[in-house]
Each structure stands twice: as structure tokens, then as C-alpha cells.
1. Hey, what do the phi angles of the range 329-343 turn into as Karplus ³J(HN,Hα) couplings, whole Hz, using 6.51/-1.76/1.60 and θ = phi - 60°, x for Gly and Pro?
2. Using a simple spin-label model with points 7 Å from Cα along the Cα→Cβ vector, what separation in nm is obtained for GLU641 and LYS433?
3. Please compute the net charge surrounding ASP282, taking Lys and Arg as +1 and Asp and Glu as -1 over other residues with Cβ under 13 Å from its Cβ.
4. Skipping prolines and chain starts, which residues have an amide H placed within reach, meaning under 5 Å, of the one on GLU557, given they are 5 or more residues away or on another chain?
5. Just add up the charged neighbours of MET644: K/R +1, D/E -1, any other residue whose Cβ is under 12 Å from the Cβ of MET644.
6. Based on DSSP, what percent of beta bridges with both residues in the chain are antiparallel, to the nearest 5?
7. Amide H of PHE574: which non-local residues (sequence gap of 5 or more, or other chain) have their own amide H closer than 5 Å, using H built in the peptide plane?
8. Taking only pairs that are 8 or more places apart or on different chains, how many Lys pairs in the range 583-704 have Cα atoms under 21 angstrom apart?
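Read-outs: derived from the displayed coordinates by stated rules, not from any lab. Quantities reported herein were computed from a predicted structural model and do not represent experimental measurements. Every residue, glycine as well, gets a Cβ built from its backbone with ideal geometry; the counts of neighbours run over all protein chains shown.
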Amino acid sequence: MVEHLQSVSQVTLWLVAWRTLFLIIHILGVVCFAYIVAKRLVPLLRAERDLRFDQPWARLEKVLKFWLGQWKHPRYKTAGTLHILIFAGFILLAMRAFTVLIVGVSQNFVMPGLSGRAGDIYGVITDYAATVVFLCMVVAVVRRLVFKPARYEVPARFGKAHTADAVFLLGLIAILMLADSLFEAAKVAGQSRQGQPVEALAALSLPWILKIALLPVALATIGKVYAGAYLLHEVTFYFLLCYRPFGIQFHVETSLFNVYFAKLDREILKPVRWGVSDEHLDQVKSFGVKTFEDFTWKHMLDFYSCADCGRCSDNCPANAVGRPLSPRFITVKARDYAFRHYPVFGRGNNAHENNGTALVGSKDSGSIYSEDEIWSCTTCGACEEECPLLVEYIDKIVDLRRGLIDDGNVPQSLQKPLKALESRGNPYGKMEKKKADWANAKEFQQVCQVKTLNKSNGADTLYFVDSITSYDDRMQSIGRATAKILDHIGENFGILGAAEKDSGHEVRRFGEELLFTALRDHNVDAIKASGVKRIVTADPHAFNALKHDYKDVPEVEHISQVIAREVKSGNIKFNPVENGDKVYTYHDPCYLGRHNQVYDDPREVLDAIPGLKRVEMTRCKDRSFCCGGGGLMLFYEPKEEQRMGVKRVQMAAEAGANVIVTACPFCMVNIEDAIKVAGLEGKMTAIDLAELVDQEMVREEQKAV
Ligand code: SF4
Ligand code: SF4
């Protein structure tokens, strides 16, 4: 029987000094962890290059905001709050955990700076932290097992759920907190029983409750609990450390690095190969991602860092309408592939040994993605906007498409528009000389003259029209409205006419990089030759391409930005809207909103129209729901249960709107079509912002009256 509470480093059991035992556990734990992490790094070392070592301050800022500040977590209130509490608890408990580990081999160890009063305060704070983390684990387990949020479900086509793994790990963390609290409680209970000065425990915390439970117990038993709790803490700590790299909890170790190396310029697509300029693309032997090792090391780090929270898929429009794509599983399947082919124990079956398994193809041949899955993405960016760990998807999906295209796997429905883009510079195969027909219609010319720019006929501003607005009969109305607005505000502008080719925005996201560079180079030459000082477009896809994919062209604005500025300066005024029963809602086009953060300008314009009633859809601004038009989707026929546009129109109806305003010709095609499919013809209409402004603005002749 012990007469006093021994330090754990002094305990001896069956002639074994526990100090030695703990030292062995420390060494074993650290060596095992280092070995496992080294094995996990092997595929990253075999991966493609990725230049992510620039701008350390900007990267540090991201770490402070997204990792330490947990910026995106509150977007999901319950899960977000739980995660923030657990994360804060872990950060606070880090020093306490290390102190406890070292105490096992050095009984009087105190972390520098944590002796005396500071140590007491830190002790009280961490008592509460351990309690909160423990309670959060209990709540998280109950949520997973009882309430089962829908986004954690795994549809059979994507594989098996990782619920058991998640619950097991949550349970281990709960045990770690319990062991830590029991160790503290036994230490203080022992001090109390021996009449020594006792360390303060936070009132009502887990250690405090356990101490009260232990006080009546014999000192010898308290001593055993003390040593036992320590051993449990030590073993659980190292088991967790070494087990986490085998599953979704690996993000605890990798997330800091993943956020630090996250993409700084999200709008710019990744080059075909880092370090290979466009001029040398013809020397690249293989385009895109075909085997796992074709991913960049950062994309592999993404796979390790995903917490499997399901937020990306919860916001993915392709997933919502039953297409065979769920971004979460783009990651989960790749991570499982990495674990299978680069195992910690035993020999792996990787590309360097078996000439590579094609990642996209049939399951029987070992592929993990289907072609439909990869073509189903609209590149809307909702997944990336939502991910708390800044996992990237668009670059990976475009890289996988580049690989498919390089191997000649072009979906049937896209072959014709691609050929037309090659030969005619537009996906419809229309004659170049017809490009400016929309502006040359007689009735239109009577109200607005649009000049075609050439050497002898210059302008300050280029209106870049792009293919859909130039050639689609319905969308030409957006072109005319835009021209009338520019004319109204006194802009000296013109168009390129036949000299303008498709911006190539969709072509690039479809994976046809060489065709994109040809279109871009042609347009850049034409824009430079026109001598304009700035560019305006009403097409967010052209806007995004000109702003981010093109180099050395004048500054570009979307027409909604121009209108908002002119409204503020008083150059555009509106008549009151006459039809009082109309309720408007604004649909954010992905390439204007999420990809370029233009959310307020279109709303400010709408709110400046007297009498216009506007409601907001639940999914708006950075959570806007894609209409389904991005990435050449107008020409692709995906497998889906419902059209994205139909879902969007239903969202507008649920918000109480009967007029959907958008600011993108692609959205207009999909939404007008969806109104018919949803059976809402006559009850719901769609209008482009430029058309509405053109319709409602006060003209000179009206001002004179
Ligand atoms: S970009 Fe959009 S469609 Fe593509 S995976 Fe992400 S959320 Fe889904
Ligand atoms: S990619 Fe991000 S959002 Fe999607 S499941 Fe993983 S951690 Fe969650």
C-alpha cells in the first residue's frame, strides 16, 4: 500500500520502472508515426510539380483566417460550432498534452512559462477545454449515429460509408480527454488526501467532477487510478497519432499544410504542366491527369486533408440533380486509391510498377472515376467555396478532362461544337461574317448605331459580345440592350464583329487547352489591333476569360458593374416599374458571383428601380445554385434525374418570386427552358439585367417631357 501519491515516473510494477515503460512508448510512438508519415509522402514525391512556395505572407494570412480562424465552419451552424469548439480545445490542450507526456519520464517537468500563477490559470482553462472537447465528442457520436445528417450518407454508387471509422476516432478522442481529466483529478484528490496544498481545478469541469468522485476512495486506489489514467492517456495519444494517417482524421495533421499551400488565385486555371509555358505546350507528351501520379503533390495533399464532412457535395448542383458526380467522392475515392496502392505496410501496386491504371474508365479495369462523372461538372465552384479546408476541385476535374481529350475520349454531343470552334471560331458553326448581324438589324440601327472596330474606326471601349449573344436569336436581345445602355451613357464603343472569336472560356474548362490558346491568341491580337482602352461584356464567361485567362488585354468590366456605377453617378435613372404584382429575384451567375465576387452591383441596380419588389432565394450570392450552363454544358447531355435549371426555378418560386433576373446569356437559356419544363410558363418569366435596365431607364426624350 502506498502512503503517498507517487509521481508516475517513479511507479514500479512487477519490477518494471514505469519511467522506462513510458520512455519506450514515447520512442515507439514517435518512430511509428514518422514511418507512417514517410510512407504517406511517397506518392507526393512521385507526383507532378506544383508551384506553391511563393507569397509566404499571403499564405500565412490564409492559415490565420481559414485554419486558425476556422473561417468557413460557421456556414454550417451545428457542425461548425462543434468543430470550432473541438479545434479550439485541441489548440489549448496541446501544451498540456506534451507536459503530461514528459512528466512520465521527468517528474518535475513544467512547460516554460507555465509555472506559478500562469500555470494555475492555464490549468483551469484547459480543464474546461478537455471537458468541452469530451462533450463535443459525445454530441458528434450521437449526431452521426442517431440524427445522421443527410450529407454524411454514402450513395451505393460511390462506395461504403466511413461512419464506423469516424465514430471510432471520435470515441478515441473522448477516451483521451477522459484519461487526461482522470489523471488531473487523481493527482489533486491524492494531494487533498495527503493534506498537501492542492492544485486548483476548474469548477464543474470533468477533472473537478472526477476528483469529487475520487475523494472518498483509498489513497492506494487513487494512486492506481493516477498511474492507470496516465498509461491510458499515453497509449491513446500515440495510438491516435499513428492511426489517424489511415483514415479521414489524417486531416488533423495535414490541414495546416493544405491551407498554407492552397491556391491563391482561385479564378485562374492550373496550367497543363507547371513550368511549361503556352509556347512550349506542343512539346508536352501527355496532357492532363490519366494516372494517379499525374496529379500534382498538392492535389494529393488535398486527398489526405479532406475531412469527409460532405459540405462540398451538399452544395454541388450536379450531385443535387442526381448526376453521377459528388465532389466529396472525387477525393474519397482518390484517397482510398492512394492507401491501396501506396500502403504503409507491404508492397504497393502503383503506376511505376504496373504502367499505371487509368483513373477514368471502367471499374473492372481498376479505374475509380467514370467518364460521365468527370463530364458532369459545370465548374460552378460551389464545392470549393464551401470546403473549410480549401480542397480544390475544378483544376483536378479539368486536368482529368485534359487527359480524356488527349486520349480522344470526347463525348459524342460535344464533337460537333468543338469542330465548329476549330473551323469557325464559334460552337454553332455559323459564318464569321454573320457575327455582327444582331447589331446590323435595320430597326435596331434606327435606335442605336454600333460600329465595328478597325484601323480607321476606333473607340475607347470594346464591347466583347462572345458567341452565344452574337448568334443565338433570343440572346441577341441582351447584346442590343447592352449596346443601348453603353450608347445611353455616352460611351465611345464598338465591337470586333467578324474579328471576334469565341472567348474560349468553356473550351478551356472542357479541357481543350490547345484550342483555347488558339482562340485566345486570335482575340488578343484583334483586341490589341483595335486600340481600345477598356473592355465591357455582358457575358460572365467572357468576362472571366478576359479577366483571368487572357494576358495583356485592357481592363475588363461586366455590364452590371458599369450600370451600377452609372446609377450611382446619376447617369442612369429609372421609371417606376408599372406592373405591381411582379416579384423579382436575382440569380447569381457562377462566373460573375462566385468566381469574381460581383454580388452587390446587380442587386444595387435592381434596388434603384422605384417600386421593384425583390426577394432573395435561400441559395444566393456565394451559395448560388448553378443553372447548369458552365463548361460547354449547353452542348452536353448529362445523365441526371432533374435539370439544374428546373431546380433553380423551383427555388425562385419557393422564395415567392415570379421574375428571375440574371446577368448571363447561359443562365438565360437554361432558366427560360427550365420555366417551360417546370410547367411555370405564364406564371414565371426570366429577364437579363441589361434587358431590364434598357426597358426601365429614363431616356433623353422622356427627360425632356
Ligand atoms: S464545380 Fe460545381 S458542379 Fe463541379 S464538382 Fe464543384 S460544385 Fe459540383
Ligand atoms: S472536400 Fe472539403 S467540403 Fe468536401 S468533404 Fe472534404 S473537407 Fe468536406
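1. Per residue, the Karplus-derived 3J(HN,Hα) values read 7, 4, 6, 4, 5, 5, 5, 4, 4, 4, 5, 6, 8, 10, x Hz.
2. 5.2
3. Values: positive: ARG273, LYS285; negative: ASP278, GLU279, ASP406, GLU513.
Residues near ASP282 contribute -2 overall.
4. ILE535, VAL536, THR537
5. On the way: positive: ARG323, ARG619, ARG643, LYS647, ARG648; negative: GLU640, GLU641, ASP673.
Surrounding charge for MET644 is +2.
6. Working: 4 of 29 bridges.
Bridges in the chain are about 15 percent antiparallel.
7. Distant-sequence amide H within range of PHE574: VAL698.
8. Working: LYS613/LYS621; LYS613/LYS683; LYS621/LYS647; LYS639/LYS647; LYS639/LYS676; LYS647/LYS676; LYS647/LYS683.
Lysine pairs satisfying the spacing and distance rule in the range 583-704 number 7.
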